[in-house]
Structure formats: C-alpha cells, structure tokens
Amino acid sequence: MNVIVAIKQYISKMIEESGPGMKVLLMDKETTSIVSMVYAQSEILQKEVYLFERIDSSGRETMKHLKCIAFLRPTRENVEYLAQELRMPKYGLYYIYFSNVISKQEVKVLAEADDQEVVREVQEFFGDYIAVNPHLFTLNIPMCCQALNWSPGSLTRTVEGLTSVLLSLKKCPMIRYQNSSEMARRLAENVRQIINREAALFEFRKTDVAPVLLILDRRDDAVTPLLNQWTYQAMVHELLGINNNRINLSNVPGISKDLQEVVLSAEHDEFYANNMYNNFGEIGTNIKDLMEEFQNKSKSQAKVESIADMKAFIENYPQFKKMSGTVSKHVTVVGELSRLVGKHNLLEISETEQELACQGDHSACLQRIKALLSNEKTQQLDMLRLVMLYSLRYESHSNNDIAGLLEVLRKKGVSDKLRHMVHGVLEYGGRKARGSDLFGTQDAVAFTKRFFKGLKGVENVYTQHKPYMHSVVDQLIKGKLKEGAFPYLGTSQLKERPQDVIVFMIGGCTYEEAFAVHTLNRTNPGIRVVLGGTTVLNLKTLVLTPSST
Amino acid sequence: MAMSAEVREGFLCPMCMKDLGTVTMLQDHFEEEHSSEDKDVLQQLRGLLGKAKKKILGEKDSSDMFDTSSSSMSSSTYAVSNLSVTGYDPSVWDPQEIGFVRSRTDMFKSQRGARVDRYVVETNKLIIRLDKLTSSDAPVESSKRRAFEKSVVQWAPDSSVKTCQFCKRNFTLTRRRHHCRLCGDIMCDKCSQFLPHTFAKKLTDPAFQLQSDVDVGFLKRSDSNASLNSILGPEGDPHIRTCANCRKLLERRNDQMEQRNYKPAIVLLYEKMKMCVDNTEDLLREYLPMVESLSAGESIHSLQKAQMYRVKITKLYETIDGLSKKILNLGLNSEEEPQAKQLQLQRAIRLYASNFMQDNMLGLQSLPSEEQYKMLQERRTQEIQQRIAAERLAAIEAQEREKRLQEAKEGGHKNTPSSVKVTEERPRSGSKKLTSWMPSESNINFSDRDDPMIQQMNIIRGYIKQARQAQKFDEVNMLEQNLKELQQEYLRQQRQNWS
Ligand SMILES: [Zn+2]
Ligand SMILES: [Zn+2]
Ligand SMILES: [Zn+2]
C-alpha cells in the first residue's frame, strides 16, 4: 500500500529487464514527473541510465549504441510519436512500457512500424499517477471541475489514474462514494466499469477483508484548502508552492543561485523526511539545535541566534555547506517561511481562520476580520481567504455581513474577478452543495464534542482544525460510516471493518489531509489508508477551480 | 530534464572537496591531511545527525520555541498535542510485491512477425541467388552468362509488362526492358540498380572482411554511367543489375549486419570500464571482510593477501578512472565536435565512474601496516588469554564451591543434588568485543550433576567446536591448551580424592 514503493518497483524492473549496457530513458511530460518524484538522478545513474529524453523533443540524436527504455502514457500522440521513432530508430533496442492499458489496435500500429525489429518488450506497467508520499498520490489535474461537473477529458484521466493505483497496489476494491456528489457517483461508476471490462487485470489473490475505495468530493469541505498551514510540508505548499517536489525560491530576497529552485523529497532528504509533519516551531528548533551542536564541535564562538545568524554561519563554512546542502536548503526555506509569516501577519490571520473553521462566535469573528482587512500587513490573498471562510461559515446566519465585507474588499482594491470568487466558493462548497454537516451545527453529538474540545483548552490555536475527511475516514475504519451518505456501488457490502482503504478526493486534497491520514495510519495498527486527489491544493489552486464555473 | 543538476566529479576528497586527480593522490592526501582529525569530525557529524534524529522522533520539549525577530509566536500557544505522530516512516507497512504488469510483447511480435518474416525469407532467397551469381564458377562470357542468369531466377516474360513498374513509362525501342538478376522483374535502364561484386561478397560471406574503410554499396548513378549496362563497372569491378525493391531488402540486411558487428569507440571503452567496475565489486566483497577481520587482530586472513587485494583494487580504480576520462574526452579534439547528446552521455558515464569510486573509497583506507598488525594480533592474543584465564578461575571457584557444598552435604543431608548455575558464574567480559561467533549455551550439553570441573571442560569443548566452525584456529589452539591444563588439573584432583 505504499505508492512510492509501487512506482519505484516498476521503474527498477524496467531498467533491469533491459540488461547491462548504456541506456536512455525516453519519457513524456507526465511520466517525467512520475519518475522524478521517486528517483534521484544519481540513483538512476547507478543503473546505467545516462540520458533522459522527452519523446516529443525534436533535438534527439541517433545513438545506436544506447538501449532505449520508453516509459510513456498510452495516449494517441505518444503512440504516433513512437511509431515514427520505430520507423527510423535512433537507438539500438527498444524496451517499451506503457503506464496503462494499450489497445490491440495500437499494438498493431507499433508492430507495423517496427520494420527493423528493434523492439524487445512491450508491456503495461501501471504507474499512471504521481506518488508524493508513501500514502499520498496526485494526478496533477489542476481543474477537473467545470460548471460543477467533470471538465472534458478529466474524468477519463481520473479513471485511468485511479485504476492504475488499484493495479499497482493489486487491489480490487469495493467502492463507496459521497452520495451528495454527482461527480463522485460518475467516477465510481466509471471505475467499476473498467474493473468489469478488464476483469483479467483485476484477478488478485483474495484478501480476508476486501479493500475499500472511498470517493469524496472537495465540495463537501471547501474550508480545509482555505486555511493557512503550520506543518512543514503543508506550510511550504501554502506559502511557496510545491510542484513535483520542487520549490521555486527565485523570489526570495537575496537568494543565491544554487538555491533558486530546491527539491524537497522525503525519499532523498532525511531531515525533510523527519520533519515534514512537524510544526513550524519544532522545525526551527531542530535546525537550530543541529547547527548549534555542530558549531560547538567546530569550536566556534559566534552564537547562532536567529535565522540570519544561521545563514551567515553556513556561508562562512563552505565545506560544511557542501556536506550539508540539505541543512542550508532547509535554513533557507524555513527562513523564507518565517519572513512571510512576519511580513503578512499570518499568525493573527491564522488564529482567526481557525476560529472561523472551528467554533467562533459570529460578531467577534466579524470584528476580527474587519480589523485584519484594514491591517496594512494583510495581503489580498489572505483577505480573500478570510472573507471566503466567513461566507462559508455564516452563509445562513441571519445577521451575516458578506455584502459589507465584499464592499471592504472593493475599497481595498481587490479586483472584481477575485471578489466574485467569494460567490464562486459559496456555489462550489456552500450549504446547498454539501451533503455533510461541515461545521457540526446540527448534529448534537458533534456539538457536544466541540463543546468538550473547548473545555479541554485549546492546545494549539493554529492547529485546532481537523479536516472533515479525517472524521469520515475514521468512521469508515470503525465500521460506522453511514450508508445513506456514503453508499456502496453495487449490491455487495463489507461485513467487517475495512483494513485497506484508498480515499480519493475529487477537486484535490491538501497536505493537511495527508497529515491527517498519516496520523490515522500511525494510530490504527493494521489499517492502511492511502489518500489521493486530482491535485494537491493550496489556496491559489482552489481559487482557480471554482472560477471556471 | 530537470533531473540533471550539476554535480562535482573527480577524485574529490570527502573532507575538503579538493579534486586530487588520481586515486593514489587522493589516498596520499587523505592519509596526510585527514588521517585522524577528520575521522573525528565525520564521527561527530554522524553523532549529530543521530542526535537530531532522536530529537525529532523522540519526546520533545514543547516549550522549545523558534523565536525569530519577525515572528512572535508564544510558546504557550504553540505546542502540539500528539507528538508521537510525526516523521515519515515507510517501513511501517510490510514490504510489498511489485504491482500488476501485463506483457504485450507476444501480441506485438506476432503482429510484427508476419511481415518481418516475409522480409527475412525474401532477403534470404536473394542472398542465395546473389551467391550463385557471384560464385567463381559462374560463366563470364555473355553468351553463356544470360542462360546461367535465367537458371538462377526465372525472368518475367517481356510481354507481361508494357510500362516500367518504377517510373511508369512505356517501353519503346529506345527504352528497352531490363531484368532484375535477383528477382527476375522488369524495369527500364534508368530505374536499374547496380550491385558491385565486392558488396555482394560482403552480403553473402559473413566472414568477409573489407580490406580498408572503402564504402561499399550500390553504385551511385551519375550521367556519365547512366547507360552502364556491361558487366564491368567504372573501376572495372563487376556488378549485377537489380531492381529497387531488391536493393531495399539487401541494404536493410546490410544495415542490420553492420549494426550487429560495429562497435563505436565509446562502446568498447565502456564495456572495458564496466568490466572493471564489476571486478572491483567482486574484489571488494572479499576484501572488506578481510580488512575488518585483520583490524581486529584475527588471523583468518593473511595480511599479505589483503594487501594484494588492495593493490589490485587500487589498480582497477585507476583503470576505471583512466577509461572514464577517455570516454569523457572522446572526440573532443577531432575536427567534428561530437553532438550535444553524445557529450552529455560521455559526461554522465564519467559521473557514474567517479560516483562509484567515491562510494567505495572508504574500504580502502584502513589496512593496518605490518607492525600495527603485529600489535593488533598481540593484543588479541592477550585478550583471549585473559578470557580463558578468567574462565579457568571461574571453574576453580565453582569447583571449590562444589567442594564446600559437598562438605556441607556430607555434614547434613546426603541426597540433595547440587544445582550449580554455571551460566551466572562464567565471566564473559572481553569476549564480546573479540568475536563474531558468540559462544551460545544451546550448543553445550551437560548435566547438572556433573562435577563443575567437568562442566567447565565441556563448555570449553563447546567453544572449541564453535571456534573451529568459525575457522578461528588461533583460538582453537589456545582453547585446546586450556582444556589440556584443565584435564590435568582434574586428574590431579581425582587422584587426590581417591588417595
Ligand atoms: Zn582533503
Ligand atoms: Zn523506369
Ligand atoms: Zn528485383
């Protein structure tokens, strides 16, 4: 159930099958992302893969002394490119791997192009998704939703991605879906259809308890992606943006050349692996401790007290810099995060967000928002964030002042387009769109829970919020998930509590949810949950999604 | 693609990142500059990382605050409740088998097979005919030649075609019909192809070696030889008239043969280099345990043999270094610069080689010198002797205790069996560090009733057996000596008791 391992095993098998000798890895845009998420260049170099090429690049040279491993999505364009390639082969031998089902017709097209008999293997390896963490995958579809339904092509891609996840993990699941979502129902039916049509692919050894695929719709919880985050991975994505493990730091003031783009990969970076779920304060402490101890050992007198000192320290020790490129990378990233937090008043904003999402009293919240909107430090994106949260939370409150807040936004110079998104978010994830009691106002049990939570004292005002998905999955693994709201597709039902669960979020999941799933996995031995989404959201990306309505 | 980050390469010193050029230079440098101090630094660094790990995974002090001038989080509001849930640990889940795969190769090959097989059969037919036409006993004089050619392949009757199948023009008195000598089809003179005998030889005889780099192939047609139709080419080389279809098939075969036989310089160098890498890996697999054992002062392996291995490996490193540098510089000084991708390939191979050498350099630095080894051996001998002495002492003590017990028993009850817990009394200090074979209790069978002296001897017998299995013959000797002494002592005591 580890998606990183699943993809890695596919890639290393491909490379093994081509035997010894110099190799080139031929990929398309998407498979390039798939591979680069799990393998570092040095790691793949060890397996005699010396060149990486894109099938759609025109500048490739003829190099008959190379074996070519082609890892491609089975799209029409790729089959076309590949047929062209085979008619005039640039490399000596070809080992072809498609990331999903390839039709007999397409196999024929390729076979007819292979006059020179350069093809040794044609196989389907179902690595048709991007593995982010061991339990998190994405399909990198930025906008899957149009007019509140599947946008053209994205349903097909989602079905392909999701079935390949199932095949790569060898799971033939029972499917449950969010009843309130038309998109979820359609996706569930399409996945079922593929499982039935390609029955030969899904004949796995029966496990005692059938795995469950749970399909959810982001519209049920539009709040989670609106919140500022404080755990490392989630925070980096919210403030800097993570794209295939890469972070663009070129906008950071005074950044050195080799740090303009950094890679954060838990597979290859021990510090990141150990700290990705830690909160901001802890990471700073961990970096500081590491540096301080090293400093003591190197008998230096200067005291490291601030991020700025740490930076100076690193720059003064070039040899240390090389041996601990990771540390300097994290110092830079954490330094930038801390700069942004201060500059944009994110602590205060986040506290208000959490109140809005969790328990806040209406008039107090409204006042705080108004104060924050007039604060010089608050940037437009955060203004929008606050007003959107307020609208979702107090949509049906009789005295709500959405109109008044929108007017403040207008006065603050927030563009029409952005202000429209407040209504967009209400349409996308408002009361009418939801099948759930997101804010726990109706359910007596949920209300009592919240009440007790309040009594216990708030351990951390910045991380009170728990994604709604957390409680859904928690109920699922306890066997308590209501069938009315999350029906099974088909007649068969699970009698036992599920053990292997794949949760898929239409519209994109968040790193906060990935952290929640990680917690569930850690605290429920024997239960394995994998989370996926059409994309991994931050506010910037969510703002794009409903705007297409 | 984005994966190709610039990485420094060469014989970089892991401590100061200096590029030393060769392995020997690097080793000298390392021994001179960083023999002791930098090992400490490495050790410290490792300790640091370990500590950081503990900090991150273990209990955390929630009041620890990350206080920067810009952020003003207060510690009381910034503690996380579930500290145990942190970090990234893929090992929580069981190892998994590889995901589902489906091969389409058979389907592909059966689709390709039909057509490609036809090519192969067709081409083979042509090759057989070509062989007949160019054989030494084939008639040369034109009168007999034509009949002979017609016997090799049946010629299409002139009446069967009105136009040339290639240029579609009508045959006339001036545009006459010509036959392909390989398939018998008809074409005009302009569309005829001419295959020299040297090329035919190359195609029909796999052992045929070209004298020089002369480019053989079909004759190039120019205006001057447009009407060429005798059996002699411009250089007097005999040739054969064929059609364009046959030409295509034969050239395809030629390409395949060339690709099979031709290895560019980079491949030859690379194969040599890769062989050295594989050899090095094999040698290291044997060498590393030797170093470990020798550094512990053991004498399973001989120091000379290990030194020999070391020399061999060092030589291999130098060969790998040399070959990969040659690959890196291939074609750099020639008139035609290699193309960009070729250069990228050469650089990647060099990077592979230097990564390999750097990764495996550690094993090479720590073989003890003759004197050091002697000292190590002596220390080990002493330690073993101490251990055995300690065990003997324990045996004697146990025996004494037994005697006392016996005396007490003789005073009181007579039948209480003695149950001496030998395990607790046997000192083990020192033995842990020394050996990889640890004496295990399970291998030693003795009854509680035995005399402790006998028990001791049994234990030592057990050790001897294990040491022998572990091929630690120096220990076997010492233990046997020890056993002999014990036996003598025992006999002496027995005699005393009986007397
Ligand atoms: Zn050095
Ligand atoms: Zn013609
Ligand atoms: Zn012909």
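The values are calculated or read from the model by the stated rules, or taken from the named source; none is laboratory data. Remember, it's a predicted structure, so these values are computed and weren't measured experimentally. As a convention, Cβ positions derive from the backbone with ideal geometry for all residues, glycine included, and neighbour counts pool all protein chains shown. The area values use the complete protein model at the heavy-atom level, side chains included, leaving out ligands, DNA and RNA. Shrake-Rupley method; radii C 1.70, N 1.55, O 1.52, S 1.80 Å.
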Could you identify the single residue in B:LYS144, B:LYS125, B:LYS150 that is in contact with a His (Cβ under 9 Å, 6 or more places away or on another chain), assigned to a helix (DSSP H, G or I) and either more than 16 Å from ligand 1 (Cβ to nearest atom) or more than 15 Å from B:ARG241 (Cα to Cα) (or both)? B:LYS150
Looking at (1) within 14 Å of chain A (Cβ to nearest Cβ); (2) within 30 Å of B:LYS472 (Cα to Cα); (3) among the charged types (D, E, K, R), find the lone condition where B:ASP359 falls short. (2)
Among the numbered criteria (1) more than 10 Å from chain B (Cβ to nearest Cβ); (2) touching a residue at least 60 places away in the same chain (Cβ under 8 Å); (3) in contact with a Ser or Thr (Cβ under 7 Å, 6 or more places away or on another chain), which one does A:GLU30 miss? (3)
How about region B:85-108: which of its residues are at pLDDT below 85 and among the polar types (S, T, N, Q)? B:THR86, B:SER91
Enumeration of residues in region A:88-114 that are more than 7 Å from chain B (Cβ to nearest Cβ), in contact with a Leu (Cβ under 9 Å, 6 or more places away or on another chain), without any contact (Cβ under 8 Å) to a residue 40 or more places away in the chain and part of a loop (DSSP other than H, G, I, E, B): A:LYS90
Residue check: is A:ALA40 within 8 Å of chain B (Cβ to nearest Cβ), within 19 Å of A:GLY161 (Cβ to Cβ) and in contact with a Ser or Thr (Cβ under 9 Å, 6 or more places away or on another chain)? no
Any residue that is of a type in the set (Asp, Glu), over 30 Å from A:GLU53 (Cβ atoms) and either outside any helix (DSSP H, G or I) or without any contact (Cβ under 8 Å) to a residue 60 or more places away in the chain (or both) - is there at least one of those in region B:294-313? yes
For region B:151-177, pairs from a residue that is closer than 13 Å to B:LYS190 by Cα and open to solvent by less than 90 Å² (accessible area, probe 1.4 Å) to a residue that is part of a helix (DSSP H, G or I) and within 12 Å of ligand 2 (Cβ to nearest atom), with Cβ under 6 Å and 6 or more apart or across chains, are B:PHE166/B:ALA244
Scanning region A:54-72 for residues that are open to solvent by 10 Å² or more (accessible area, probe 1.4 Å) and more than 8 Å from every other protein chain (Cβ to nearest Cβ) gives A:ASP56, A:SER57, A:SER58, A:THR62, A:LYS67
Working only within region A:1-60, note down all residues that are touching a helix residue (DSSP H, G or I) at 6+ places or on another chain (Cβ under 7 Å), more than 22 Å from B:ILE349 (Cα to Cα) and charged (D, E, K, R). A:LYS8, A:ASP28, A:ASP56
Do you know which of the residues in region A:195-219 that are assigned to a strand (DSSP E or B) and under 20 Å from the mean Cα position of the chain (by Cα) is surrounded by the fewest Cβ atoms within 10 Å (Cβ to Cβ)? A:ASP217
Filter region B:328-342 down to residues that are in a helix (DSSP H, G or I) and within 10 Å of chain A (Cβ to nearest Cβ) and give me whichever is most open to solvent (accessible area, probe 1.4 Å). B:ALA340
Could you list all residues from region B:153-196 that are in a loop (DSSP other than H, G, I, E, B), more than 16 Å from ligand 3 (Cβ to nearest atom) and among the hydroxyl-bearing types (Ser, Thr, Tyr)? B:THR172, B:THR174
Residue by residue through region A:396-425, note down the ones that are assigned to a loop (DSSP other than H, G, I, E, B) and surrounded by fewer than 17 Cβ atoms within 10 Å (Cβ to Cβ). A:SER396, A:HIS397, A:SER398, A:ASN399, A:ASN400, A:LYS412, A:GLY413, A:SER415
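So that you can scan it fast, the table gives a plain yes or no per residue for (1) at pLDDT below 85; (2) hydrophobic (A, V, I, L, M, F, W, C); (3) open to solvent by 20 Å² or more (accessible area, probe 1.4 Å):
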residue	(1), (2), (3)
A:GLU293	yes, no, yes
A:LYS299	yes, no, yes
A:PHE313	yes, yes, no
A:ASN316	yes, no, yes
A:LYS321	yes, no, yes
A:GLU336	no, no, no
A:VAL341	no, yes, no
A:GLU353	no, no, no
A:HIS362	no, no, yes
B:PRO238 being open to solvent by less than 60 Å² (accessible area, probe 1.4 Å), away from ligand 3 (no atom under 16 Å from the Cβ) and under 27 Å from B:MET187 (Cα atoms): yes
Can you find even one residue in region A:233-251 that is basic (Lys, Arg), in contact with a helix residue (DSSP H, G or I) (Cβ under 7 Å, 6 or more places away or on another chain), open to solvent by 30 Å² or more (accessible area, probe 1.4 Å) and not in a loop (DSSP other than H, G, I, E, B)? no
Within the set of pairs 6 or more residues apart or between chains, which connect a residue that is not assigned by TED's automatic domain parsing to the domain that holds A:GLN41 inside region A:256-270 to a residue that is at pLDDT 90 or above and open to solvent by 80 Å² or more (accessible area, probe 1.4 Å) with Cβ atoms less than 6 Å apart? A:GLU261/A:ASN248
From (1) at pLDDT below 75; (2) open to solvent by 60 Å² or more (accessible area, probe 1.4 Å), pick out the condition that doesn't hold for B:ASP131. (1)
In the set B:LEU316, B:LEU323, which member is within 14 Å of chain A (Cβ to nearest Cβ) and either surrounded by fewer than 21 Cβ atoms within 10 Å (Cβ to Cβ) or modelled with pLDDT of 85 or more (or both)? B:LEU323
If the Cβ limit is 6 Å and pairs must be 6+ apart or interchain, which residue in region B:235-264 that is more than 12 Å from chain A (Cβ to nearest Cβ) and touching a residue at least 40 places away in the same chain (Cβ under 8 Å) pairs with which residue that is assigned to a loop (DSSP other than H, G, I, E, B) and open to solvent by 50 Å² or more (accessible area, probe 1.4 Å)? B:PRO238/B:ILE231; B:CYS243/B:ASP185; B:ALA244/B:PHE166
Quick check on A:ALA188: is it without any contact (Cβ under 8 Å) to a residue 24 or more places away in the chain and either surrounded by fewer than 17 Cβ atoms within 10 Å (Cβ to Cβ) or more than 24 Å from A:GLN9 (Cα to Cα) (or both)? no
Residue match in region A:26-39 (condition: open to solvent by less than 10 Å² (accessible area, probe 1.4 Å) and farther than 23 Å from A:ARG157 by Cβ): no
